[in-house]
Amino acid sequence: MTTKWLYNVKIETDYLRAAGITSGTATKNVDVRLVDGVVAEVRPQQHVERAKEDFDGRGLLLLPAIREMHCHFDKSKLGLPWEPIKPAASIVERFTQEIKDLTAVNATFEDRMSRLIELELANGTTFFRSHIDVHPKIGQKFLEQAQAVLAKYQGIFGYELVAFPQHGLLLSEAYDEMKRALANGATLVGGVDPFSLDGNLEKSLQQTFDLATQFNVPIDIHLHERGDAARQTYQKMMALTADAGWQNRVTISHGYGLQDFSEVESQEIFHGLAEQGISLISSVPLDSVRPPLEEIRQAGVQLALGCDNIDDSWSPFGDGSVLEKLNRYAEIYQLTTQEALTEALSLITGQTTMGPDNFLTSGKPANFILTDSSCSAEFVARKTPVETSFYQGEICFQK
Ligand SMILES: [Zn+2]
């Protein structure tokens with residue numbers, strides 16, 4: 001059993017309210033005892049002699065660590081000289097071009113992926129959900145290369161890998177490769193546009209759910225479907241989730257088509273998704289494809305954020321900061337009150353900082369960041385830099 005103290009850290013305790021106005025957040029300085037990488041005790045700060053394994057938090061704000069819920073370890077070209085993305089008229093043209101780009105790239109897979117990881121670690125990420133392309137053109141190559149890199153980072157951060165049939169589960173006949181990937185360590189089934197890319201909604205989704213139930217894993221599917229294709233896709237997703245008993249194990253990434261319904265229909269679909277525990281992950285695009293994320297969240301759908309494109313063949317934008325995405329989200333949806341900004345932090349941490357079951361509850365993994373901020377609302381609004389990150393009680397990034 002290893003015990004250590006993370007001492008002299010600031011935590012949030014309550015909102016400061018008077019005459020119906022919230023003027024800020026109350027904080028106090030505490031010491032946190034960590035046993036085997038989990039929180040064991042929080043006590044008021046004490047001025048006692050420290051052991052050499054203890055860590056001085058210097059009065060900085062302690063927050064839950066950031067979760068990157070949508071990235072592609074295999075697609076980044078980070079570290080290479082600037083190159084504009086090539087024109088593409090469709091998703092098919094885009095991924096066909098991408099194969100050429102990634103083959104021609106003058107850097108190893110390991111270097112590119114490591115740069116992405118280091119960049120995100122420096123931004124407070126200690127958990128990654130990465131999609132990894134799996135289809136006959138690539139086979140298991142990217143998955144194996146990603147696993148080799150991850151082996152070098154063992155114990156530094158948490159992760160999960162989604163077997164992702166980028167070229168279409170049916171279109172590229174990826175089913176067998178997907179099975180292989182799931183047998184070889186991928187822990188989620190991915191997917192992309194069963195209607196418009198695969199051209200057979202029923203069959204594509206059925207195969208996706210077959211893979212999930214066969215390997216007893218969750219699903220995370222990229223849906224760019226719009227209009228009627230979206231309507232049919234979401235309805236089918238909900239029905240299959242209910243049939244398979246896959247509640248709370250299905251995620252939709254992007255969900256562009258969630259803006260294409262009438263008001264009545266929207267409410268029906270949003271509540272249907274919430275009821276089936278189907279969650280949504282967004283990279284908060286600034287263009288017209290962005291669905292009404294805050295309305296969807298208010299309807300009870302679990303929402304998380306991810307960077308997605310970070311210097312890849314798809315978009316010239318993206319800086320590897322999930323906090324940047326949250327800041328953007330807060331500005332778009334005008335989350336300007338102390339409460340709204342504070343609560344929004346859960347979109348990138350999956351945790352709360354106050355109240356029951358907050359991130360410092362005994363038994364929770366000691367995945368934290370320290371930042372020079374007065375409260376989480378300031379952290380979200382001002383994007384104060386991460387000074388130190390902890391994964392399972394160990395420092396995984398230090399500025
Ligand atoms: Zn993606």
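Since every read-out is calculated from the coordinates, none of them should be taken as a lab result. For clarity, every value in this text was computed on a predicted model and none was experimentally measured. Virtual Cβ from ideal backbone geometry, glycine too; neighbours counted across all protein chains shown.
Compute a Gaussian network model of the chain, connecting alpha carbons closer than 10 Å, and tell me which residue from VAL39, VAL284, VAL264 fluctuates the most. Highest fluctuation among the options: VAL264. When both the stretch 92-154 and the stretch 177-194 are represented by their alpha-carbon centers, they are found 15 Å apart.
Of the residues ASP31, ASP287, ASP319, the one that moves most in a GNM of the chain with alpha-carbon contacts below 10 Å is ASP287. Between the stretch 20-64 and the stretch 254-296, the alpha-carbon centres lie 38 Å apart. Other residues within the sphere of radius under 11 Å centred on the Cβ of GLU98, judged by their own Cβ, net out at +1 (K and R +1, D and E -1). Residue by residue, the stretch 145-159 carries 3J(HN,Hα) couplings of 5, 5, 5, 5, 5, 4, 4, 6, 9, 4, x, 8, 7, x, 7 Hz when phi is fed to the Karplus relation 6.51 cos²θ - 1.76 cosθ + 1.60 (θ = phi - 60°); x denotes Gly or Pro.
Where does the chain land at 222 nm, in deg cm²/dmol rounded to the nearest 500, when only DSSP H runs of n ≥ 4 count, each adding -39500 (n - 2.57), divided by all residues?
The helix-only estimate for the chain comes to -10000 deg cm²/dmol at 222 nm.
For the chain, a Gaussian network of Cα nodes joined below 10 Å ranks ILE99, ILE156, ILE269 by mean-square fluctuation, and the top entry is ILE99. Could you tell me which of rounded, prolate or oblate describes the stretch 257-399, using a ≥ b ≥ c as the square roots of the eigenvalues of the alpha-carbon gyration tensor, with rounded for a/c under 1.5 and, failing that, prolate when a/b is larger than b/c and oblate otherwise? Prolate, since a/c reaches 1.5 and a/b exceeds b/c.
Close amide H partners of SER253, meaning residues 5 or more places away or on another chain with modelled amide H under 5 Å apart, are ILE221, HIS222, LEU223, ILE281.
Taking a straight line from the alpha carbon of LYS364, these aspartates and glutamates sit under 15 Å away, with near neighbours fewer than eight places off in the same chain left out: ASP36, GLU41, GLU394. The C-alpha atoms of the chain define a longest principal axis, and helix 109-122 lies at about 40 degrees to it. Helix 227-244 sits at what angle to the longest principal axis of the chain, using alpha carbons and giving 0 to 90 degrees rounded to 10? Around 70 degrees separate the two axes. Pairs exceeding 23 Å between alpha-carbon atoms, taken from LYS10/LYS383; LYS77/LYS152; LYS75/LYS325; LYS100/LYS203; LYS77/LYS137; LYS75/LYS137: LYS100/LYS203.
What net charge do the residues around VAL162 carry, taking every other residue with its C-beta under 12 Å from that of VAL162, with Lys and Arg at +1 and Asp and Glu at -1?
On the way: positive: ARG129; negative: ASP74, ASP133, GLU160, ASP220.
Cβ neighbours under 12 Å give a net charge of -3.
If both residues of a DSSP beta bridge must be in the stretch 1-76, then about 85% of such bridges are antiparallel. Placing dummy labels 7 Å off each Cα toward the beta-carbon, the span from ASP101 to LEU80 is 0.8 nm. Geometric descriptor of the chain, per residue, is 148 Å³ (volume of the convex hull of the Cα atoms). The local environment of LYS203, defined by Cβ-Cβ distances under 14 Å, has a net charge of -4 under the rule Lys, Arg +1 and Asp, Glu -1. Taking N as the residue count of the stretch 83-223, its C-alpha radius of gyration divided by 2.2 N^0.38 Å amounts to 1.07. Beta bridges from DSSP with both residues in the chain: antiparallel share about 50 percent, rounded to the nearest 5. Taking the Cα centre of the chain as origin and assigning +1 to Lys and Arg Cβ atoms and -1 to Asp and Glu Cβ atoms, the resulting dipole is close to 740 debye.
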